[in-house]
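Data first, discussion second: the structure below is written as C-alpha cells.
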Amino acid sequence: MTEPIACPVAPYTNDDENSFAYTSARSRWLTILTGVISDVKETAATSDVEKTAEAEGIIEKLEILRKELADLAALVPLAEDGGPDIALYNSELKRQTKSVPMTYGNGPWLYTECYLYRKIYSYFLASKYWKGYDIYARQKLDAFKQSELAVVELAVRYKNLSTQLHGDISKENLGVLFREFIDISLWGNATDLSLLTSLSLDQLQSLQGEAARRESEKNILVNNVDKAWAAVSDTTKYGRVDIVLDNAGFEFYTDMIFALFLLDSGLAENIVFHPKSIPWFVSDVMPVDLGVLVNALGESSFFTKGREELDYLCQQILQYSGDGKIIMRESPFWTTSLPFWEIRDGGLGGGHEVWEDLRASKLIIFKGDLNHRKLVYDSMWPRTTPWETAIGPLATSGLTVFSLRTCKADVIVGLPEGKEKELEEAWIASGKGTKDTGRPGIGWAWSGKWAVMPFTDGGKK
Ligand SMILES: O=P(O)(O)OC[C@H]1O[C@](O)(CO)[C@@H](O)[C@@H]1O
Ligand SMILES: [Mg+2]
Ligand SMILES: [Mn+2]
C-alpha cells in the first residue's frame, strides 16, 4: 500500500497540555464510551433473548476498551471485522508511530480519535444482531426533539420564503438570502440558535436583521462567503452542489433547509449529501438519518407545533428526493483517519473515487469541525498560515472547496497577524482562561463561539 502525502508540520498530539486533545483523551472520550455502554444496555433490555445475549459480549469488549482508555494504553492493530478499511487503519498506525509505541495518551489526536470510533464500531460489525445498530441514534433524536422551537421557527421562515422564491427575485436579493442560509447552516454546527439571524425578506432589510447578522459576523474570523456566492451563482456551470455532512439533528435540518433553498431558487439542480457509513463522532449523519429526519418532521406527536409548515417541508424533501435531486452518497473514505489531502488523483482509502466524483460539483461545502481538521491535516500550523498552504494539494485540485466550521479544536489557519494574541487576551479577560497550562488563553479556539468560512476555487481559471 502506498503512503498518504506527508504533511511538513507535526500533528496535534494527546500529550500536549495546551491542546484540547489532552482533555479529550483523558476525560471526554471516557464519558462518550460510558454513554455507549448505557445505550447498548438500554436497548438490550427490551430486545429478544439472542440479541440480548450477544450484547453481553459487546458490552464486555466495550468495558475492556474503557479500561484501556482510562489507562492511556497503547493502540494495537484493529482486528479483522470484514470492513474494507481495517488494513488502512493498521498501516496508518504503523506509519504514525514514532520511536515509542503510540498510546491514547501520546498519539496524534486525529488518528487516535478516528481509531477509537472505528474500534467501537468493529464490535458491532463483527456481531450477528447488532451490525447496523447506531449507538448514538437515541441521543441524536432526543437532542433534535429539544430543538423544537428553532425547528418550527425555521420551517415557518422557509415556507414564507419559498413562495417568494418561485416568483421574481433579483440576483441581489438571492445573494442576500444565500448569505443568510449559509449563516444558519454554519451556526447550526454550533447548534446555537441564539446566533441565528432573521430570514424573512422584509426583515432582511430591517435594521434589526442587519444588526443581528453583524453581531454574529464579528465571530467569523475568516469569511469567504462572497467567493462561495460567486461560485454558486455562476450559471455557466452545471448546477450540482455537494455538502459533506457533519451532525444529525438540528445541524442536518439546517443543511437540508439550505439545500431546499438552493433547489427552489434554481441555484442548484442537484444536491449531493455525503454522510458517514458508520456511527461516527457521536452525532454525525448516517444514511438512515435522512429517513429519521423526515419521519421526525412529519410526525405530529414529535413536533406538535408548526404542523402546516413542517408538513410542507417534508413534502418538499420527499419530492426532491423522489426526483433524485437530493441524494445521499456514501464512501468509506469519510470514516478513515486520512486527511482530505487524499482527495486527489490516486488518493488512498477511497480518496481517489471521492475526487473523481466531486469534480462534477460547482461548490463543495464541508460542514463542521472534524471535516475542517481533516482539510488542514490537523497539524500545528502557525495560525497565520494561508489557507491554501494548509489544504495542501486541494489548493490546486480543481475542486471548489468551502468549509463552514465553528471552531471546536486547536487547528485554525488564515488569521491576520496579531489576531490570535487579541483573542487569547480577550478569553482571559472574560474569566474563562485555564490556569493549569502554560497558555491560559488558549481555550477560545475550541469553545465553539468562533467560526471560519474559508474558500478555494482549487486553482480553477
Ligand atoms: O461535529 P463536529 O463539528 O465535527 O465536532 C466534532 C469535533 O469536536 C470534537 O468532538 C471536540 O473538539 C472533536 O473531536 C471533533 O473534531
Ligand atoms: Mg513509523
Ligand atoms: Mn460531528
Enumeration of residues in segment 260-286 that are surrounded by fewer than 20 Cβ atoms within 10 Å (Cβ to Cβ), at pLDDT 95 or above and under 29 Å from LEU165 (Cα atoms): GLU269
Yes/no for THR335 being surrounded by 22 or more Cβ atoms within 10 Å (Cβ to Cβ), hydroxyl-bearing (Ser, Thr, Tyr) and within 23 Å of PRO287 (Cα to Cα): yes
Every residue from segment 23-67 that is within 16 Å of ligand 1 (Cβ to nearest atom) and in contact (Cβ under 8 Å) with a residue 24 or more places away in the chain: SER24, ALA25, ARG26, TRP29, LEU30, ILE32, LEU33, THR34, GLY35, VAL36
Exclusive hit being away from ligand 3 (no atom under 16 Å from the Cβ) and buried (at least 19 other Cβ atoms within 10 Å of the Cβ), set LEU116, LEU30, LEU88: LEU88
Count of segment 385-405 residues which are of a type in the set (S, T, N, Q) and in contact with a Leu (Cβ under 7 Å, 6 or more places away or on another chain): 2
Helices (runs of 4 or more DSSP H) enclosed by segment 307-425 - at least 2 residues per element that are within 16 Å of ligand 1 (Cβ to nearest atom) and closer than 27 Å to PRO77 by Cβ: 368-375
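For the structure I just gave you, tell me whether SER447 is in contact with a Cys (Cβ under 8 Å, 6 or more places away or on another chain), within 17 Å of ASN219 (Cβ to Cβ) and among the polar types (S, T, N, Q).
yes
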Hits in segment 216-247 (condition: under 16 Å from PRO454 (Cα atoms) and β-branched (Val, Ile, Thr)): ILE220, VAL222, VAL225, VAL232, ILE243, VAL244
Those residues of segment 73-85 which are more than 19 Å from LEU348 (Cα to Cα), surrounded by fewer than 19 Cβ atoms within 10 Å (Cβ to Cβ) and touching a residue at least 40 places away in the same chain (Cβ under 8 Å), in sequence order: ALA79, ASP81
Every residue from segment 334-369 that is within 16 Å of ligand 3 (Cβ to nearest atom) and within 13 Å of HIS274 (Cβ to Cβ): TRP334, THR335, PHE340, ILE365, PHE366, LYS367, GLY368
Some residue of segment 387-399 being without any contact (Cβ under 8 Å) to a residue 40 or more places away in the chain, within 16 Å of ligand 3 (Cβ to nearest atom) and in the same structural domain as LYS227 (by TED's automatic domain parsing): no
Exclusive hit being surrounded by 22 or more Cβ atoms within 10 Å (Cβ to Cβ) and within 15 Å of ligand 2 (Cβ to nearest atom), set TYR111, TYR104: TYR111
Any pair with Cβ under 9 angstrom, 6 or more apart, that starts in segment 343-362 at a residue that is within 22 Å of THR236 (Cβ to Cβ) and ends at one that is aliphatic (A, V, I, L, M) and in a helix (DSSP H, G or I): LYS362/ALA231; LYS362/VAL232
Residue list for segment 360-392, filter: over 21 Å from the mean Cα position of the chain (by Cα) and farther than 29 Å from SER447 by Cα: ALA360
Close pairs from segment 283-302: first under 14 Å from ASP142 (Cα atoms), partner in a loop (DSSP other than H, G, I, E, B), Cβ under 6 Å, at least 6 apart: SER283/ALA248; ASP289/ALA248; ALA296/PHE302
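The values are calculated or read from the model by the stated rules, or taken from the named source; none is laboratory data. Everything numeric in this text was worked out from a predicted model, so none of it was measured. No Cβ is skipped: glycine too gets one built from the backbone with ideal geometry, and neighbour counts run over all protein chains shown.
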